[in-house]
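Let me begin by presenting the structure, written as structure tokens, before commenting on it.
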Amino acid sequence: MDSGMMITSKQDDDGDEAQTGMSGGGRIVAVSNRVGPIRGAARAGGLAVALIEALRQSRGLWFGWSGKTAVSEGSTQVESAGSFEVATIDLTPSEHEDYYNGFANRCLWPLFHYRIDLTTYDRHFYEGYQRVNVRFARALQPLLREDDRVWVHDYHLISCGQSLRDMGCKQSMGFFLHIPFPSREVVLTLPHHEKLIQSLFAYDLIGFQTERDRERFFDYAVNELEGVEQRGDTLYVHGRKVRVEAFPIGIDAAGYADFVYSEDGQRQWMRARNALRGRTQVIGVDRMDYTKGLPERLAAFERLLADYPDTRGRVEYLQIAPPTREGVPEYAELKQRLELAASQINGRYGEVDWTPLRYLNRTLSRRALAGLYRASRIGLVTPLRDGMNLIAKEYVAAQDPQDPGVLVLSRFAGAAAQMKAALIVNPYDTVGVAEAMQTARYMGLEERRQRHAELMQGLLDEDISHWREDFVRELRLATDKRKAA
Ligand code: ADQ
């Protein structure tokens, strides 16, 4: 959920099919940091597609930041996207700096990923964050209807619901956190943590990626906010009753599998196969972010080459990692560190006719990636912390069920709770990750098929539609109970 969620022109066009069925009356109003670009965005991710489906079905509204900065506040832009509407506001440069680069990405992001060492707490950041959350609420409130269901996304907008309630909004409101909720001891390092976390109790439903996140949230609420727990899915805090559940996000597994057969998918698959000439490809795809464990992963690959000489000349590692959040200094440092590590590995182990590591700083289309996944015997997904990690799911969905590759997955990705048939590793243990890669190389066809079948079944059972429908249903139930009380 880092880059803007994109709406493709295809989805814009099919407004006539819109129904109000799934939602049971009332619009879905999705609120997220970014909305857009609106048209022609071929890279639309699964999440954007899922939200668009909910928005189309309920003739809803998507509200967020336009992605632009403007010197003065300006008005809300509302436009039609076929069967639903999109409303955006611009941010001023200082709002963008304090709210987005500052509090969201230099404070909450590292903190919630357990990187207290990289967390910068600055009073201006916090104030800017609160101000922008209020601005979102102020711009959204006049657009809301009584029976709307407001679904707020992610760490940028924790207190937006509270701001809406302060303005008198009584609508059904849910919040979904895409990143981990950390342990209580970590949250306690944040000045004003009570005020921020308590604002979540303005929502009727709070959703997390995993049961572990939900448990950590309960632990925090019970011990720091005098919360009272009921039945494992409800919390009472200072007179508010809120339902709290895990909704592990999925992908459109069947649709993603088809990407392999798209023109882009086939082209990349052929190119990779021709370039590999029988060698084994290991693939890693990430946003360039310190949570994704990239230096540790490169070290594990180097360990593989050092400890298992039969890999030399026979294994190639392709890492795709486009830079993100370039306005945040920690990301520039990471980029330099990775470039150095990559060139050292190639300098030390490369041969005239073999380059062990290819490292691309570009984004490829999702279809092209599907083709590359299909050409890769090993999918290496080793974040140090991750809310879910959809790459792990996309890698599995792109495999040939008759001759699938093997997923090597960090135990610290939310996905590990569901994807038990992957080779689960500790990303800090470079020797262990190297061993897992070697195990994956020699894994027999029968075992690979079994593991893949189990993983794929899980992806189909808990796909993106399941996630969306579950959340929307629970939101309705939670709100009905509040209104009945
Ligand atoms: P991200 O940290 O951005 O998102 P991730 O789940 O890895 O995490 O990827 C989200 C989407 O971006 C995927 O559909 C993926 O294909 C795409 N993507 C990522 N890297 C890419 C690359 N190099 N090139 C092209 N596409 C790329 C946050 C949380 C995650 C959580 C998601 C969804 O941090 O833990 O899984 O939201 O809830």
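The values are calculated or read from the model by the stated rules, or taken from the named source; none is laboratory data. Predicted model, so just to flag it, every value in this text is computed and none were measured. All Cβ positions, even for glycine, are placed from backbone atoms using ideal geometry, and neighbour counts span all protein chains on display.
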Answer from VAL244, VAL260 - the residue that is away from the ligand (no atom under 16 Å from the Cβ), at pLDDT 95 or above and of a type in the set (A, V, I, L, M) | VAL244
Could you please tell me which pairs satisfy a Cβ distance under 6 Å, a separation of 6+ or placement on different chains, a first residue in the stretch 309-331 that is closer than 27 Å to MET437 by Cα, and a second residue that is among the aromatic types (Phe, Trp, Tyr) and within 14 Å of the ligand (Cβ to nearest atom)?
-> GLN319/TYR359
Hey, GLN230 hits all of (1) touching a helix residue (DSSP H, G or I) at 6+ places or on another chain (Cβ under 8 Å); (2) within 25 Å of VAL472 (Cα to Cα); (3) away from the ligand (no atom under 16 Å from the Cβ); (4) not small (Gly, Ala, Ser) but one; which does it fall short on?
-> (1)
Select, from GLY227, GLY284, the only residue that is under 28 Å from the mean Cα position of the chain (by Cα) and either under 25 Å from ILE52 (Cβ atoms) or buried (at least 17 other Cβ atoms within 10 Å of the Cβ) (or both).
-> GLY284
The lone condition GLN336 fails out of (1) buried (at least 19 other Cβ atoms within 10 Å of the Cβ); (2) under 14 Å from ASP289 (Cα atoms) is (1)
List every residue pair whose Cβ atoms lie under 6 Å apart, where the two residues are 6 or more positions apart in sequence or sit on different chains, the first residue falls within the stretch 263-286 and is more than 18 Å from SER365 (Cβ to Cβ) and in a helix (DSSP H, G or I), and the second residue, located anywhere, is more than 15 Å from the ligand (Cβ to nearest atom) and of a type outside the set (D, E, K, R).
-> ARG273/ALA375
Could you check GLN319 against (1) surrounded by fewer than 23 Cβ atoms within 10 Å (Cβ to Cβ); (2) within 13 Å of the ligand (Cβ to nearest atom); (3) assigned to a helix (DSSP H, G or I) and say which number it fails?
-> (3)
Can you find even one residue in the stretch 105-125 that is farther than 30 Å from SER58 by Cβ and in contact with a strand residue (DSSP E or B) (Cβ under 6 Å, 6 or more places away or on another chain)?
-> no
ARG303 vs (1) within 16 Å of the ligand (Cβ to nearest atom); (2) within 14 Å of MET437 (Cα to Cα); (3) surrounded by fewer than 20 Cβ atoms within 10 Å (Cβ to Cβ): all pass except (1)
Given (1) touching an Asp or Glu at 6+ places or on another chain (Cβ under 8 Å); (2) surrounded by 17 or more Cβ atoms within 10 Å (Cβ to Cβ), number of the condition LEU455 does not satisfy = (1)
